[in-house]
Amino acid sequence: MERFTDYFKGFERVDAVRELFGAQTEEVLDNLKIEFGSRRGYMGVSDDDGHLFVSVPYLKEGDERDIYLDVIHELVHVKQFRNGIHLRDNRYRYTNRPTEIEAYTHAVKEARRLSMSDKEIYEYLWMDNMSEDDVKALADAVNVRY
Ligand SMILES: [Zn+2]
């Protein structure tokens, strides 16, 4: 396991992150661990101990802005984990699970701050493993037009 702050610099200065953790921002990020994986995929937060896992191929090949927004998204899950919320509640589909909607809502707000259009945000939302119906459901849930 590696330290988040050795790889992702300056997130403690991002308002969207401070909004999540307030005065505890530095402490949370300093204590956050990352596990790098060689499998293709994206990022996630462990439901066991709250560490972040990141796909190395995604870091190498992914769009920098997408990766940034994913970190913002995952930090919402870090907060949820710290608050004792179960991250993978399988009573819900991924695209309407409350923990995901909260994380996507926060990332979309940051995307809008970066002046991304709804079309760009919609493309960002569409991950490789999603059907068109899934991404439309997700876009509806976070008020992104398509
Ligand atoms: Zn998520």
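Some values worked out for this structure:
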{"quantity": "Criterion violated by K109 - all others in (1) out of contact with any Phe, Trp or Tyr (no Cβ under 6 Å at 6 or more places or on another chain); (2) at pLDDT 95 or above; (3) within 12 Å of the ligand (Cβ to nearest atom) satisfied", "calculated": "(3)"}
{"quantity": "Scan of region 73-104 for residues that are within 17 Å of D49 (Cα to Cα) and either without any contact (Cβ under 8 Å) to a residue 40 or more places away in the chain or among the aromatic types (F, W, Y) (or both), ordered by number", "calculated": "E74, H77, Q80, F81, N83, G84, I85, H86, D89, T99"}
{"quantity": "Qualifying position, being away from the ligand (no atom under 14 Å from the Cβ) and at negative phi, among N143, N31, N129, N96", "calculated": "N31"}
{"quantity": "Count - residues of region 7-41 that are closer than 15 Å to L69 by Cα and touching an Asp or Glu at 6+ places or on another chain (Cβ under 6 Å)", "calculated": "2"}
{"quantity": "Pair list, Cβ under 6 Å, 6 or more apart: region 38-49 residue over 21 Å from M130 (Cα atoms), other residue buried (at least 16 other Cβ atoms within 10 Å of the Cβ)", "calculated": "D47/L87"}
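The values are calculated or read from the model by the stated rules, or taken from the named source; none is laboratory data. None of the values given here were measured: they were computed from a predicted structure. As a convention, Cβ positions derive from the backbone with ideal geometry for all residues, glycine included, and neighbour counts pool all protein chains shown.
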